[in-house]
Structures are given as structure tokens and as C-alpha cells.
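Let me begin by presenting the structure, written as C-alpha cells, before commenting on it.
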Amino acid sequence: MMVDSNIVNTVSEDCEPIFTNESPALCFYVHSSLPIGYKARASTVYLKHGKVRTPVFMPVGTKGTIKGLSSQQLQNEPCNPEIILGNTYHLALQPGSDVVKEMNGLHGFMNWNHNLLTDSGGFQMVSLLKLANITEEGVVFQSHIDGKPMILKPEDSIGHQNNIGADIIMQLDDVVSSVATDTARFVEATYRSVRWLDRCIVAHKRKSEQNLFAIVQGGLDTSPGGLREQCINEMVKRNLPGYAIGGLAGGEDKKSFWTVVAHNAERLPKNKPRYLMGVGYPLDILVSVALGVDMFDCVYPTRTARFGVALISSGTIRLKAKEYACSTSPVDPECICNTCKYYSRGIIHTMLKENNALACQLLTVHNISYMMTFMRTMRQSIIEGPESYTTYINVFISKMFLESNPPDWVINALNYAGITLININRIDKAIINRLEIESDS
């Protein structure tokens, strides 16, 4: 029986998951019931290794580890993510997906009993473009390790991901930088991503255990009948367990960013999880959740920790700066992680100056804890209702922009999502009206 993807009933959080022949490895429930006009939602994705409460941020463990942390450390509260991400391209190169398979998959390889998601290797078409040659057949990478060629076809990507064994796997898509100016290349990549999706579906051999997500491409084209809309229409026909918004977080302007997110989120099925790939700045996540996105990943919180940068409610602090040399304050007075319980800004400053690896580990623990707490408290505010959720957003914005108003793109995106910011009047009615008209047509 085909379920209407635009109809979704909210259920309580204690409802038991029901897996079906159509979706044997994923059950998705929406719990929030915000009034019409709001787009944010609190949901649960049930997978083979447990539940994932959304909105959720997924820390990135590129080669099966979060750099500097053991799997056991990662499971300490308030870190304890319900899902993390691994990188197919890097794991296939080293140690090899066949090796990972022999070690009971990535779960066994990294001693991780919770959920995993692997990307397909498509992003490396952008990040390693100088080492890649893209054709209809697939991608030929020049290994960044030893210079040897590595062929990655849609079938290869799925084969590697079947070996790795993550709970959610991603199609191989043709990724073009969002700031590219070659319109023909965007057209080619959009249509090719649909064709590659069909090849991925055929190649996927573990449908009862792993969930294949499609990735929407189409550049920044949100025009009626444009590339994004065409791509969504075709991919939704494949009726997959979930869908991702790809091709963003590549340097595009923020107005284009939120317009694409709003456009795609509204057109993707309401009864499937929506995943915005490569987005990790808290402000971007806050806005994207308001626009209806469920899942996020990025190296930002962990990578920035290794440079001595801590995430706090007012933004970031660079603990290498001399102003923190004698500070006895915790990294973040609002945080309950072990770093903030037992270490001051001053001692971490000293460690960083001495290139002590412990400093990077401590800041990684803190930044992941910050992100997990950020997502959990935002989710709870959605569940509690529109007043609580609106208050949460206004408090978050007021802390981040203590001495100035938030940028126009934040104001306009939140207004479009039904959120009114206190004492803010700079709203771009033109773009909001256009999106509303297109979503109704």
C-alpha cells in the first residue's frame, strides 16, 4: 500500500517503532504538533542500532574515529551522540572497506554500538577536485595518500558502504561547488545524480539492514520548474527511506543558502527524514531546523576544537588569545561537560601554547557536548510548543548578537518559518512572498 508522503500524523514519544516491507530498517515518527505556519518538527528516526531523536547533529568520524576521542569517551554525557558519520572515500582507501567488513563492519571496527551514517564519497568531487575526473561512469580519484588511481562508480560506492555496514548510506551524487558559474555543469550534475541514484538502488544489497538516502542537487536554482524542483520530483518517485539536501555549505551567500533549504524542505516528503549535508554552524542549524530540516553533519565543531576554538552561547572564543592566559573561568559557564567541570580557560590556554594534545581533546569533548546540548534543548522547546520554541530562538539570538541585530538573512528566514524576533523589523517581504507563492502552487 502506498502511503501519502504529504500526510503525517504526530505520535507520542513512547510509541513503539513499526518496520514495514517498504521500509524494513527505518521507522520515522513526528512528535511535535506546532500550529500551521511553523515548519520545525521534533521527530524520532528508529534504526537497527537504536533511535535517533531529531533535530540531530552528527559528529564526523572520518576514518572511524572522532579525532582525539575513544568511542568510550564519546559516549560520556553530555556528548553521547545517537549517531555519528563516517567517510566512505577515506575508509575505502585506508584501511579498505573489505578490511572493515572483516572486523564486523564499522560498528565493530570502532567499537560503536549506536547508529552510523556513511557519506558516498561524492563530496570529494569538490574537496579533491584537482585529483578527480568525473564522467557518466563514475569518478576516478588520484589517491591523496599514494597517488594511485581509485575508481568510484555508484555501484562501487554502495558496495563499499554495504561492506562498512552503516545504518544510513548515501547515494553517490555528482556534486558541483555552489559558487560555480557553469550553468551547463549544474544541469549535467542534477540529471546525472538522478541516474546515479537508480544505479545505487540496483546495487544496494542490504536493504533489510541499511537505509539508502537520495541527495537532492540542482545548484541554487529554486525557480518554479527549476533544477532543484526537477531533482526532487524525480527522486521522490523512488520512495526511499530518507532524503538529503546536497550542494550547499560551499561558500554561497546566506540568502541563497536559506532559500534553497526552505524550498527543498517544503517539497520533500513530510513522512521521511530530511538531512542537510555539511552544515555545522549553530546559527545555520538553528535557522534550518526552523525551516523543517531534521539532520545535520559537519567537521566544524571538532576541527575548530583542534585549532583552540571553543563554541559558547555567544559564538566562539579563541583560547590561544592572551586575554585567557590567567582566566579561572570554565570554558563555558553554562556547560556541564567534564572539560568545563575540571579545566579553566587559563590552563587550556597554557596547554595550547605548549602544543599539548590534551588541550585539543578537551576542547573536542566540549564542542561536541555543546552541539549535543544545543540540539537537545532546541528539540525539547519544539515539543513544548510554539511559545517555548519561539522563546528559545529569541534567547539564542539575543546571546549570539549581544551588541547588534542579527543579519538580515536570519531575520527573513526565521520570519518565513513563522518565528518573530523581538524588536526586529527588517524583513525582506519580496523573497518571503515569492517562496510562499511557489510553495502553494
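A few notes on this one:
- Candidates per chymotrypsin sites (Phe, Trp or Tyr not before Pro) in region 293-381, loop by DSSP, up to 13 other Cβ within 10 Å: Phe307
- Restricting the GluC sites (Glu not before Pro) of region 305-387 to loop positions (DSSP other than H, G, I, E, B) with no more than 13 neighbouring Cβ atoms within 10 Å leaves Glu334, Glu354.
- Net charge dipole size for region 108-201 [Lys, Arg +1 and Asp, Glu -1 on Cβ; Debye, nearest 20]: 140 debye
- When you work out D = kT/(6 pi eta Rh) for the chain at 10 °C and 1.306 mPa s, using the Kirkwood radius from C-alpha pairs as Rh and the Stokes-Einstein form, the result is 71 µm²/s.
- Restricting region 162-259 to trypsin sites (Lys or Arg not before Pro) in coil, as DSSP defines it, with at most 12 other Cβ within 10 Å: Lys205, Lys237
- For the chain, the Cys residues with no second cysteine's beta carbon closer than 4.7 Å are Cys15, Cys27, Cys79, Cys200, Cys231, Cys298, Cys326, Cys337, Cys360.
- Convex hull per residue volume in Å³, alpha carbons only, for region 266-321: 72 Å³
- log10 of Debye I(q)/I(0), alpha-carbon scatterers only, for region 129-196 at 0.13, 0.14, 0.22, 0.23 Å⁻¹: -0.43, -0.49, -1.05, -1.10
- For the peptides 15-26, 358-369, 89-100, the ranking by packing is 358-369, 89-100, 15-26, with the highest mean count of neighbouring Cβ atoms within 10 Å listed first.
- Length added when fully stretched, Ser329-Thr350, from 0.36 nm per residue minus Cα-Cα: 6.2 nm
- Subset of Lys153/Lys237; Lys101/Lys207; Lys67/Lys322 violating a 21 Å alpha-carbon distance limit: Lys153/Lys237; Lys67/Lys322
- Accessible area of the chain belonging to carbon and sulfur atoms, whole % at 1.4 Å probe: 53 percent
The values are calculated or read from the model by the stated rules, or taken from the named source; none is laboratory data. These numbers were taken from a predicted model, which means no experiment stands behind them. Because the Cβ atoms are built from the backbone with ideal geometry, glycine has one as well, and the counts that use them run over all protein chains shown. Side chains are part of the model used for accessible areas, which takes the heavy atoms of the whole protein and leaves out ligands, DNA and RNA. Shrake-Rupley method; radii C 1.70, N 1.55, O 1.52, S 1.80 Å.
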